[in-house]
Each structure stands twice: as structure tokens, then as C-alpha cells.
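Only one structure is covered here, and it is reproduced in the block below.
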Amino acid sequence: MWNNLKTTILLAGMTGLLLAIGQLWGGERGLMFALVLAAVMNLGSYFFSDKIALKMSGAQPIAREDGPRIYQIVERLAAKASIPVPKIYMIPTDSPNAFATGRNPNHASVAVTRGILDICDDEEIEGVLAHELGHVKNRDILISAVVATLAGAITMIGRMIWWAEMFGGFGGGRSDDRRGGAFSALAMMILAPLAAVLIQLAISRSREYEADATGARITGNPQGLARALDKIDKWAKRIPMQASPSMAHLFIYQPLTTGEIFSSLFSTHPPIRKRIERLIGRDFV
């Protein structure tokens with residue numbers, strides 16, 4: 001219920017932001033354009049954000065005959081968690097990672113990288129997938145998928161404003177009628193990605209701890225997830241995964257994103273060592 005409310009607040013806030021920007025830069029014409037854009041974006045965020053996330057990650061569906069190991073684990077964990085079996089996808093990269101997405105448990109998907117299947121044993125994979133099913137069970141996959149879409153949209157809006165200012169503004173009026181100018185457009189180009197990161201931060205850190213705890217309860221084996229997190233942390237530093245900043249909060253381990261200065265200052269995930277300590281009461285030596 002709380003996650004549904006947060007999703008509604010995010011969508012309403014995004015609508016208000018779009019309308020304000022449209023009014024500021026294009027007057028009545030800009031306001032109408034922003035209203036149409038907000039309607040399309042809200043509907044798209046709710047119904048298609050999971051598909052957008054899967055497409056952006058490069059994930060491909062896995063047939064049962066191609067991944068019997070992961071199918072068996074996911075089906076067993078879904079039964080333990082009392083949720084429908086999600087669709088299963090593979091991301092073709094050697095960097096170890098995974099994420100879950102969807103608007104509810106009946107429309108959920110989990111995606112794992114080729115690399116995580118290579119480095120983790122069955123207990124560790126079970127821990128990772130239980131973490132992802134924890135997101136599904138806790139019903140925070142919708143808000144995560146919506147945030148991924150909205151964060152990308154905020155960045156896009158900043159770029160649109162920049163180009164609109166460069167070529168005459170949304171309203172197409174005289175230059176002295178336009179609000180702001182090149183400096184305001186430049187500010188939006190800087191602030192929009194930062195706003196996207198702040199939106200991610202608002203939901204990501206606490207939900208990772210919660211999904212870790214839920215996953216450990218599903219398996220009854222927190223050691224499996226703790227070992228997996230330790231392996232992922234070490235291997236991901238050797239084989240880093242590149243991802244869009246708007247996607248970073250979805251993954252079990254924060255991938256590299258463009259603008260590493262912002263990534264280090266505004267991490268969407270708690271430190272791996274702290275997550276391990278919460279799971280088993282200590283870090284690995």
C-alpha cells in the first residue's frame with residue numbers, strides 16, 4: 001500500500017514538474033505540450049516501465065531448456081515466497097549482477113547476467129534470486145521501474161530545455177519574451193541528472209536492506225546471499241558493468257554509470273560490507 005502511494009506521489013510530482021517547465025518555457029502552448037507529455041509518460045511508466053528496463057539492460061528471455069538450473073531455483077523460491085513464478089531473462093555480460101522489475105507480482109520479471117551464473121554456486125544463486133523475489137514480494141518493483149523511467153525522463157527534459165533555448169524556446173516567440181536563457185538551460189542540464197539521482201536515492205538504500213532480509217527469510221540461509229554479495233563485489237570490480245544512471249538502482253550491485261563523480265557521491269546502494277554484516281552479523285575475513 002505504501003509503495004503504491006509513493007508511486008502515485010512520484011507520478012503526480014513528475015506531472016507537476018512537466019507542467020511547470022512547459023508553462024515557464026512555452027506559455028500556454030508549452031503547458032498543453034507538457035500536459036500531453038505527462039499523460040503519455042505516466043501511462044507508459046505504469047504499464048511499460050518493466051519492458052523499458054529490460055530493453056535498456058539488453059536482457060533476453062531464457063527458455064527452460066536453455067536454463068534448467070535457474071528455472072528450478074526460481075520456481076522453488078517462488079513457491080516458498082507464495083508468489084507467481086516471474087519471467088526469467090539473461091543479460092549477456094560477464095559482469096555479475098541481477099535485477100527484478102514489473103508492476104506487481106503477477107507481472108514480474110527477473111534478469112541475471114551470464115557472469116553471475118558462472119561465478120556463483122547454487123546456494124549463492126539462490127540467495128541472489130531470493131533477494132530479487134524479495135523485491136517482488138515487498139512490492140517495490142513497480143516504484144523501482146517507474147523511477148527508472150522518470151529518472152531518464154528528467155534527464156531528457158533537461159536536454160530538451162537546453163536545445164529549446166538554443167533554437168528559440170518552446171513557444172517560438174521573440175528572444176526577449178523567453179524566460180531564462182542559456183544560463184538557465186545550462187543549469188537544467190546540470191540539475192536534471194542530479195534530480196534523477198536524488199529520486200533514486202529516495203527509494204533505493206532502505207529497500208536493498210529490506211530485500212536482503214526478505215531473501216534470507218525465503219531461503220532460511222543468509223550465508224548464501226552473503227557469500228554471493230562478497231563474490232559479486234570482488235568480480236564486479238574486475239569486470240565492471242556499464243549501465244544508464246537511470247537503471248543503477250534496479251540492480252543488486254550498483255553498476256558503473258556515466259558521471260562516476262556523481263556515482264561516488266550519490267550511491268544508490270548501501271555498502272556491500274554493511275549488507276553482509278546485517279545478514280550474518282560480521283564481514284568475511
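Matching residues to (1) within 27 Å of Ala12 (Cα to Cα); (2) modelled with pLDDT under 95; (3) touching a Lys or Arg at 6+ places or on another chain (Cβ under 6 Å); (4) β-branched (Val, Ile, Thr):
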| residue | (1), (2), (3), (4) |
| --- | --- |
| Asn97 | no, no, no, no |
| Thr101 | yes, yes, no, yes |
| Pro105 | yes, yes, no, no |
| Thr113 | no, no, no, yes |
| Gly127 | no, no, no, no |
| Leu133 | no, no, no, no |
| Arg139 | yes, yes, no, no |
| Ser144 | yes, yes, no, no |
| Met156 | yes, yes, no, no |
> Is it true that some residue in region 252-272 is surrounded by 14 or more Cβ atoms within 10 Å (Cβ to Cβ), part of a helix (DSSP H, G or I) and at pLDDT 90 or above?
Replying inline: yes
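With the requirement that a residue be surrounded by 16 or more Cβ atoms within 10 Å (Cβ to Cβ) and more than 17 Å from Ala130 (Cβ to Cβ), what does region 90-106 give you?
Across region 90-106, the qualifying residues are Met90, Ile91, Thr93, Ser95, Arg103.
Kindly indicate which of Ile62, Ile21 is modelled with pLDDT under 75, more than 17 Å from the chain's Cα centre (by Cα) and under 25 Å from Met247 (Cα atoms).
Details: Ile62 fails: modelled with pLDDT under 75.
Of Ile62, Ile21, the one residue that is modelled with pLDDT under 75, more than 17 Å from the chain's Cα centre (by Cα) and under 25 Å from Met247 (Cα atoms) is Ile21.
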>> Show me the strands (runs of 3 or more DSSP E) entirely contained within region 78-142 in which 2 or more residues are of a type outside the set (Asp, Glu) and within 19 Å of Asp212 (Cα to Cα).
In response: 98-102, 108-113
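May I ask you to list the residues in region 36-69 that are surrounded by fewer than 14 Cβ atoms within 10 Å (Cβ to Cβ) and either among the hydrophobic types (A, V, I, L, M, F, W, C) or in a helix (DSSP H, G or I) (or both)?
Initial filter on region 36-69 (surrounded by fewer than 14 Cβ atoms within 10 Å (Cβ to Cβ)): 36, 39-40, 43, 47, 55, 60-61, 63-66, 68-69.
Val36, Ala39, Val40, Leu43, Phe47, Lys55, Ala63, Pro68, Arg69, listed by residue number.
Residues are listed down the side, and each one gets a yes or a no for (1) at pLDDT below 75; (2) crowded, with 19+ Cβ neighbours inside 10 Å; (3) over 22 Å from the mean Cα position of the chain (by Cα); (4) β-branched (Val, Ile, Thr):
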{"position": "Thr15", "(1), (2), (3), (4)": "yes, no, no, yes"}
{"position": "Tyr71", "(1), (2), (3), (4)": "no, no, yes, no"}
{"position": "Val85", "(1), (2), (3), (4)": "no, no, no, yes"}
{"position": "Ile88", "(1), (2), (3), (4)": "no, yes, no, yes"}
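The values are calculated or read from the model by the stated rules, or taken from the named source; none is laboratory data. These numbers come from a predicted model, not from an experiment. So basically every Cβ, Gly included, is an ideal-geometry build from the backbone, and we count neighbours across all protein chains shown.
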